[in-house]
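We did not get these values from a lab; they are worked out from the coordinates using the rules stated. Treat the numbers as computed from the prediction; the structure is a model and nothing was measured. Heads up, the Cβs are rebuilt from the backbone with ideal geometry, glycines too, and the neighbour counts pull from every protein chain shown.
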Amino acid sequence: MSFASQLLQYTLSGITIGSIYALVAIGFNIIYNSTGIINLAQGDFVMLGGMIAVFFHNTLHFPLVASGPIAALIVALIGILFERFAIHPLKNASVITLVIITIAASILFKGGAMFLWGKDAYSLPSFSGDEPIRFLGATILPQTIWIICVLLFIVAALVCFFRYTMVGRAMKACSYNKRAANIVGINVNNMVMLSFGLSALIGGIAGVIITPISLIEYEKGSLLGLKGFGAAVFGGLGNMGGAVAAGILIGLLESYSAGLLSSGYKDAVALIILLLVLFFRPGGIFARKEVQKLKHY
Amino acid sequence: MKKYLTTSFSKSAYVFTGAVILMAIVRNPYHVGILVFLGMNIIITIGLSLLMGYAGQISLGQAAFFGIGAYTTGILTTKLGLPVAVSFPLSILLTISVAFVIGIPTLRLRGHYLAMATLGLGEIVHIVFNELIPLTGGPSGFGNIPLIRIFGIELDNDYKYFIFVWAIVAIVLFLSLNIINSRVGRALKAIHKEEQTASTLGVNTSRLKLSVFVLSSGFAALAGFLYAHYVTFLSPGTFSLGFSILLVTMVAVGGMENIWGALIGTTVLTLLPEYLRFFKDFDILIYGIILISIMILRPEGLYGIKIPGFLLPRSKKGDNE
Amino acid sequence: MKRVMAILTILIAFSAASCLEAKDKKQSYKIGGVFAITGPASFLGEPERNTMLMIVDMVNAQGGINGVPLEAFIEDSVGDETKAVNAVKKLINSDKVLAIIGTTRSGTTMAVIPIVEKAETPLISCAAAETIVNPVRKWVFKTPQLDRHAADRIYGTMRDRGISRVAVMSATTGFGSAGREQLQNLAQTYGMKIVADETYGPKDTDMTAQLTKIKGTNAQAVVNWSIVPAQAIVAKNMRQLGMTIPLYQSHGFGNIKYVEAAGSAAEGIIFPAGRLLAVDTVPDSNPQKKVLVEYKTLYESKFDDPVSTFGGHAWDATWILVEALKKAGADKEGIRKSIENTKGFVGTGGVFNFSKTDHCGLGPEAFEMLVVNNGKFVVLGQ
């Protein structure tokens, strides 16, 4: 394998992992924008998406095209229920209290999944075969192309949603200024609920599409949540484009340092660079000053 | 000032006496052992409570300071054969130096950015524990850490260790109560409420925040020192992000507004999993449900919750602080 | 003051609970089990727990040991050292067990060793690391085969097949790093050259970067030392990269479910394992055949789940303990002595011969090299 094709392979690997981080980061951002909280159960939405799809496909023998969407919708419903039962009742709670609730929810989701599916790792068949696509000496799986396409599709859909639909614009208004949004007649409560549903939906989709390559088990969510949080912060909280770029950047950093430096320290290398960026740009790489002022802890 | 000193002294003394009485009642190494871990956790969360509740900063990296303290004393005593009396100050010193150096750039960040930065630092330390195999034994860890000998008594059982740990808890509590009631404590409260106002009024906010950060790391290192010489075996798993999150949860569950909240939250969340052993496999679900219920019903924490009168020993009317 | 009272109340409730522990009803032999029933190693801990409870039921159905029923106390360590320490203390001090089986992971076993040594309670560990029994500790035994023997068998097979340049992949867990160490130590003995030594996090979702690096070397085989799901992902990633060199796995590949998880990428994986996994291909003349069939039939019919070698470690440990109880009764030192004197015990992991200097009792011959063939485990070379 020539060095050039090795480099290309590292890049492709980095984009694969990075796209997954980006999907998780987008979920973080949607909830952050509407509530200001970091949902530490976001990674568990991903896990649930994969697990439920496995249940429908492998246990009930539904076709894959049905299992995936059903799983994602069920996760969205779980997100909505979670907001109604655990976030909504707390009217004036501090951010940290709500974050702790998401930690508790994460423990519950993990515990529930462990009961329902046991402790094994499961897989789904790839959407369009396992035959790797080769070019210039490097390979990429068709499933990776699916992941990248789904990521692009979700970003495009979200942009349209927030820019052109009434509900999307209302959600955006809430993220800028809750009180003002309320005054002009937007039901802020519903928007918060919707944001949980939407972010759970995206988490669920992520779970379905990554299971064929990375497998799924009840504890899978923690690490993905952590990386997604890193990407969301790195890209500037609330900034969708930033999250995607940062997610892929973290994936690339990990892949390059695993390949070229030391695989044991790959996460440390990515984290150190992330921290250095934060020290010099305390609002993430793509932060705009005015936006930062609006969001406070 | 003198009044503060005496009251904080007597409160700390109460806690110590209460703990020792409890130990005398329990008299089972298993339960005493849990209370030893409780004491260590309280030492860390008191520091974290000062940082979160008083200085208004969050840290998701406390497990790393806990770990640096533990690993330093562990490595110095086993690999270099240094006596505990030497490794003790060195482990605290190294930890607070690390906290000082990384605290300067880190504490300029706010909110979730600060949370992410401390989390990242914690993860880096965790990776170093895993990778510095010649020193730390890597993921397999290392053991045979010697016991502590103090005034000629070897702390070789749970009872002796219990008294040692809780005496330190009392000292840490005493120090912290005094800090809160001093000029520094009031300045901290001011930072938490209105940082800019405090700054214009002449409070050196960044220096104060850094001092509390360093202090809290010192407490965590102290607990790490105690952990290393109690369990006598260290591996990176103990010092993971999960533990950092648990510590923050303990402080939040107890109530961030007050240092006693940290004591309550830590006690509840340390003892709860042991009670839940009874439920076998269901324990994790019940734990999650209890945690979520506490936060929904008491968003500001358990501190100040009204305990049904019949559960409380009679206390004098108007006895408040 | 109210706060102090509140704390005291909690603590008093705690002490009350500790006094409420069940008093002895009738005589029984109490044995403890500490397994990682939840947490990251739970897929090891669960079959171990199931197996131990199954054997206790079997023994009691036959009237117990010398007429005395067996009583099992199971605790969950979550794979966490602090929790394991608490669990072992509970078993010894509150439940007053005679001996303990477990723990599941090497790290937790290392953490509880000082406690059982001080409490003079026999412990039979189900964890892999060699450091558990080397140096020998008076009260500590283990039933899984040694990592060293697994590495022995892997290198031996490679040498027979003319491989001399290997790439090592391992997870940054206790299991992974112990295996990596053995592979490094034994390389010279077998004339192996380690041309790449890569690690990854146990929860990583993609190892193509490490494997790409390996692909750039002249390695003739890859050895991967980890547990699921990473071991399945490595196989998938190698296939994706079009790597044709053989993949060797550790004895952590001990469950047919992992083959399902890796799908067709698992074909051709070679790994050392106890004979349990390929029981159908073990000749009837093998002394282990009877016990392997017995365990497999019992476990699979009771739990509707394929057997794993991990549950097998608990099977061996529990029966060794039952035999010791038969001889020694409720005497910890007697139990310890009779475990130490166990000779020729036929278990799922091999034929055990314990001694004063060997608290594991298995040799390299306990491993059989297996290969994945058409989604099944078969003995290599058949």
Straight-line reach check, C:Lys138, cutoff 13 Å on alpha carbons, 8 or more apart in-chain or any other chain, hits among aspartates and glutamates -> C:Glu117, C:Glu120, C:Glu333, C:Glu340, C:Asp358
Magnitude of the Cβ-charge dipole (Lys and Arg +1, Asp and Glu -1) of the stretch B:2-244 about the Cα centre, nearest 20 debye, reported as 860 debye
Computed, not fitted: 222 nm per-residue ellipticity of chain B from DSSP H runs ≥ 4 (each -39500 (n - 2.57)), nearest 500, equal to -23500 deg cm²/dmol
Under a Gaussian network model of chain A whose springs join Cα atoms within less than 10 Å, the largest fluctuation of A:Ile101, A:Ile248, A:Ile38 belongs to A:Ile101
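If you count, for every residue in C:106-113, the Cβ atoms of partner chains within 10 Å of its Cβ, what is the mean?
Values: counts 4, 11, 3, 1, 11, 9, 2, 4.
Mean number of neighbouring Cβ atoms from other chains: 6.
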Taking a ≥ b ≥ c as the square roots of the eigenvalues of the Cα gyration tensor, with a/c under 1.5 meaning rounded and otherwise prolate when a/b exceeds b/c and oblate if not, the stretch A:4-43 is prolate
For chain A, the helices passing both cut-offs (Cα extent along own axis of 18 Å or more, Kyte-Doolittle mean at least -1.0, full DSSP H runs) are A:3-35, A:42-54, A:64-82, A:95-117, A:142-164, A:188-214, A:220-234, A:240-256, A:266-280
Placing +1 on each Lys and Arg Cβ and -1 on each Asp and Glu Cβ in the stretch C:147-273, then taking the dipole about the Cα centre, the residue among C:Gly216, C:Tyr258, C:Thr173 whose Cα reaches farthest towards the positive end is C:Gly216
Most exposed to least, judged by fewest other Cβ atoms within 10 Å, C:Ile214, A:Ile70 sort to A:Ile70, C:Ile214
A student applying the Cα gyration tensor rule (rounded when a/c is under 1.5; otherwise prolate if a/b is larger than b/c, oblate if not) would label the stretch C:147-273 rounded
XL table C:Lys89/C:Lys376; C:Lys83/C:Lys213; C:Lys30/C:Lys118; C:Lys30/C:Lys356; A:Lys220/C:Lys215; A:Lys110/C:Lys213; Cα-Cα > 30 Å flagged, in table order, is C:Lys89/C:Lys376; C:Lys83/C:Lys213; A:Lys110/C:Lys213
With +1 at each Lys and Arg Cβ and -1 at each Asp and Glu Cβ, the charge dipole magnitude of chain A around its Cα centre, to the nearest 20 debye, comes out at 1140 debye
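Taking each residue in B:33-42, count the Cβ atoms of any other chain within 10 Å of its Cβ, then average. What number comes out?
Per residue, the number of nearby Cβ atoms from other chains is 3 on average.
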Straight-line reach check, C:Lys236, cutoff 13 Å on alpha carbons, 8 or more apart in-chain or any other chain, hits among aspartates and glutamates -> A:Asp130, A:Glu131, C:Asp206, C:Glu260, C:Glu267
Sorting C:Gly39, C:Leu91, C:Val351 by the position of each Cα along the dipole of chain C (Lys, Arg +1; Asp, Glu -1; all at Cβ), the one nearest the positive end of that ordering is C:Leu91
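Where in chain B are the helices, taken as whole DSSP H runs, whose Cα atoms extend 27 angstrom or more along the long axis and whose Kyte-Doolittle mean reaches at least 1.0?
Numbers: long enough: B:2-26 (36 Å, 0.92); B:29-49 (29 Å, 1.65); B:84-106 (33 Å, 2.09); B:111-131 (30 Å, 0.81); B:158-180 (32 Å, 1.88); B:205-231 (39 Å, 1.05).
Flagged H segments are B:29-49, B:84-106, B:158-180, B:205-231.
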Classified through the alpha carbon gyration tensor (a ≥ b ≥ c as square roots of its eigenvalues; rounded if a/c is under 1.5, else prolate when a/b is larger than b/c, else oblate), the protein assembly as shown comes out oblate
Once amide hydrogens are built 1.01 Å from N within the peptide plane, the residues lying 5 or more places from C:Asn224 or on another chain with amide H under 5 Å from its amide H are C:Met169, C:Tyr248, C:Gln249, C:Ser250
Inter-chain shielding metric for C:250-263, i.e. average beta-carbon neighbours from other chains within 10 angstrom, reads 2
Ranked from fewest to most other Cβ atoms within 10 Å of their own Cβ, B:Tyr161, A:Tyr164 fall in the order A:Tyr164, B:Tyr161
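Which peptide among B:109-119, C:358-368 comes first, and what is the full order, when sorted by highest mean count of other Cβ atoms within 10 Å?
B:109-119, C:358-368
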